[in-house]
Amino acid sequence: MTLKSTAPGLYLICIATCCSLLYACNKNSDAATNPVVYKFSYADSVLYPLGETNELQVISPAIAKTGTYTSFPEGLDINSSTGAINIHESETGIKYRVYFTDGSIKDSTLISIGGINYLDGVYKINAADSIINPVYNAVIGNSLPNAGSGSVYDEGGGCNGSGCAVNLNDAKINLAQTVRNGTFGAIPVNGSNKEFTLNFRINDKSKKGGNKLKIKVFYFKTLNDITTQVWDLLNGRNGTVINSFNNSNNTPIQGNTGGNIAINSNSGKGRRPPCVVILSQ
């Protein structure tokens, strides 16, 4: 009687065991033929600075993975082992390509540090005012929240107080007015340059956190007067701002129009601040 009562149970146990083994084999087979692909990314494509610029704000990759992380252009404060980005120590308003490799996996992703920037270039002023538009979140043509929405541009007057004519409503720079302000002398001195600091707060996902940008402005009379050093500086920037095509009303004679980055190394070039060259003739 005991054998008759337990035999069916043993039979069912054997079937269950065989099914489990078969499932495990199939699962291993599926894993071998369809391995999980690691996709390198961050939580968002735009990382917004929050709070004041001296606060620590670190963003890590969506999936932690040990390896080697690099970025292009220069200006992103990134941990080369973990991929963690220190937003407040990074140049804002720029789109970066971040690369990851662990020897077998190689991948990259695009991220932008929220804020504003300006395209490098040579601008010729004449009777009409020359206006440079800010680039918001590294996309030309993006609508920038203006002062009417609560944003603040040139907080403290670091630019306007030193002659650089920044519109307080929309952060556009009037180059002709900058020259008329005597920034480069009552009679502008050929080859002179000035650096300005633009402090701003944007009413966006940064929650009007304090941010700043340095701007380098050169003055020359003619195209032929531009020094080799300045040309080298501008040419060294080519390709360092992703999708940096100027579609504003003012197209630079010579500007940073490098387009989509296809470089996977840190060249050491491309460090901001933006460089604007003004020509009077």
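Checking each residue in the stretch 156-192 for being surrounded by 17 or more Cβ atoms within 10 Å (Cβ to Cβ) and of a type in the set (S, T, N, Q) picks out ASN160, ASN167, ASN174, GLN177, THR178, THR183. Selection of the stretch 67-97 for residues being surrounded by fewer than 20 Cβ atoms within 10 Å (Cβ to Cβ) and among the charged types (D, E, K, R) yields GLU74, ASP77, GLU89, ARG97.
Just a yes or no: is a residue in the stretch 188-211 within 27 Å of SER112 (Cβ to Cβ) and in contact with a helix residue (DSSP H, G or I) (Cβ under 8 Å, 6 or more places away or on another chain)? Yes; the residues of the stretch 188-211 include at least one that is within 27 Å of SER112 (Cβ to Cβ) and in contact with a helix residue (DSSP H, G or I) (Cβ under 8 Å, 6 or more places away or on another chain). Would you be able to tell me the number of residues in the stretch 170-225 that are assigned to a loop (DSSP other than H, G, I, E, B), without any contact (Cβ under 8 Å) to a residue 24 or more places away in the chain and under 21 Å from ASN133 (Cα atoms)? The number of residues fulfilling the criteria is 1. Residues in the stretch 98-109: is at least one surrounded by 15 or more Cβ atoms within 10 Å (Cβ to Cβ), closer than 20 Å to GLU155 by Cβ and either at pLDDT below 90 or among the β-branched types (Val, Ile, Thr) (or both)? Checking the stretch 98-109: not a single residue is surrounded by 15 or more Cβ atoms within 10 Å (Cβ to Cβ), closer than 20 Å to GLU155 by Cβ and either at pLDDT below 90 or among the β-branched types (Val, Ile, Thr) (or both). Go through the residues of the stretch 112-132 one by one and say whether even a single one is among the polar types (S, T, N, Q), farther than 30 Å from ILE278 by Cβ and at pLDDT 90 or above. No, the conditions are met nowhere in the stretch 112-132. Here ALA138 fulfils each of the conditions (1) surrounded by fewer than 23 Cβ atoms within 10 Å (Cβ to Cβ); (2) out of contact with any helix residue (DSSP H, G or I) (no Cβ under 8 Å at 6 or more places or on another chain) apart from (1).
Screening the stretch 90-169 for strands (runs of 3 or more DSSP E) wholly inside it with 1 or more residues that are of a type in the set (Phe, Trp, Tyr) returns the ranges 94-101, 121-124.
The values are calculated or read from the model by the stated rules, or taken from the named source; none is laboratory data. These numbers were taken from a predicted model, which means no experiment stands behind them. Positions of Cβ are backbone-derived with ideal geometry, glycine not excepted, and every protein chain shown enters the neighbour counts.
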